[in-house]
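A short write-up of the structure that comes next.
The values are calculated or read from the model by the stated rules, or taken from the named source; none is laboratory data. The structure displayed is predicted, hence computed values, not measured ones. FYI the Cβ positions are ideal-geometry reconstructions off the backbone, even for glycines, and counts take in every protein chain you see. Note: areas computed on protein heavy atoms with side chains; ligands, DNA, RNA excluded. Shrake-Rupley method; radii C 1.70, N 1.55, O 1.52, S 1.80 Å.
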Amino acid sequence: MRTEAVQKLVGRPVKDTFGRYAGFVVGFSVDVGAEKQFVGIDQGNGEFTEFPGRRILVDRDGLVVIPAWKVEAENLKREIDTVRKRVQALEGLVKDGEITHTMYQQMVDQYNQQMKSFQESHSALLQNLSTRLDDIEGRSESLDRFLANVKVQFRAGEIDEGTFKVASEYSTSMRTKNGKEIEEIQSLLRTLSQPTAQTMAQTPTKKDTVVAQATSG
């Protein structure tokens with residue numbers, strides 16, 4: 001995320017990756033070491049949030065906020081893949097006699113500890129995804145009730161066609177955007193509930209078991 005790009009977007013609206021309005025840009029901040037960037041966004045109703053740079057994208061339409069669960073899932077996958085590749089490399093080194101078995105075991109133990117911490121992160125991510133899914137499904141149900149009431153009022157002659165059209169188009173559009181997030185979360189939950197979780201849940205006691213665990217999948 002380039003600071004120059006963010007500066008030009010101060011005061012502009014912000015959307016999330018599903019196209020929903022997320023507020024407008026208030027400004028940005030950079031830490032003393034200029035290593036971490038944060039974008040301040042007014043989300044409405046007096047809510048102000050600083051989003052870290054890793055959760056912000058800049059496209060031709062402005063800033064886009066990436067959901068926390070998506071960033072968390074991508075980071076976890078990347079970390080797990082890195083450890084697995086390193087264990088595979090470690091196995092090759094010990095087979096070729098480039099490192100001792102003692103060194104091999106010490107390093108495998110370190111990687112195993114990392115895998116255990118990933119299991120905790122994995123479990124927390126599953127919980128966060130389930131909570132988010134319940135929340136977004138609840139919002140979609142509220143939209144359905146709202147639209148049903150609008151249809152009743154229109155049929156009863158209480159609101160004109162123009163008002164009905166605006167309310168109907170908004171509800172349908174928002175329902176579609178919510179549906180995209182629901183589909184992504186459900187897909188991710190199916191993926192996370194399979195081999196990776198089971199593999200990480202194992203606690204190997206021998207170096208060969210550790211290698212098999214970390215390199216499987």
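Quick one: ranking TYR111, TYR104, TYR21 by accessible area, 1.4 Å probe, largest first, what do you get?
Numbers: TYR111 30, TYR104 5, TYR21 145 Å².
The ranking, largest first, comes out as TYR21, TYR111, TYR104.
Relative to its residue count, the range 1-153 spans a Cα convex hull of 183 Å³ per residue. Compared with the alpha-carbon gap, the fully stretched path from PHE48 to GLN113 is longer by 19.6 nm at 0.36 nm per residue.
Its alpha carbons give the range 7-97 an Rg and a Dmax of 18.7, 64 Å. The residues ASP16, ASP144, sorted by heavy-atom accessible surface at 1.4 Å with ligands and nucleic acids left out, run ASP144, ASP16 from largest to smallest. The mean of 1/r over all distinct Cα pairs in the range 98-154, once inverted, gives the Kirkwood hydrodynamic radius of 15.5 Å. Length, then width, then depth: along the principal axes, the Cα atoms of the range 100-195 run 83, 17, 16 Å.
Starting from the Cα gyration tensor of the range 73-122, multiply each eigenvalue by 5, take the square root, and state the resulting semi-axes largest first in whole Å.
For the range 73-122, the ellipsoid semi-axes come out as 24, 12, 5 Å.
Could you report the accessible area of GLU50 in Å², rounded to 10, computed with a 1.4 Å probe on the protein chains as they sit in the structure? Counting only protein heavy atoms, the figure is 100 Å².
Each residue, ALA89 and ASN149, gets one label point 7 Å from its Cα in the Cβ direction; the gap between the two is 5.9 nm.
Using heavy atoms of the protein chains and a probe of 1.4 Å, the accessible area assigned to HIS101 is about 110 Å². Seen from a random direction on average, the alpha-carbon convex hull of the range 122-176 projects onto 3.8 square nanometres.
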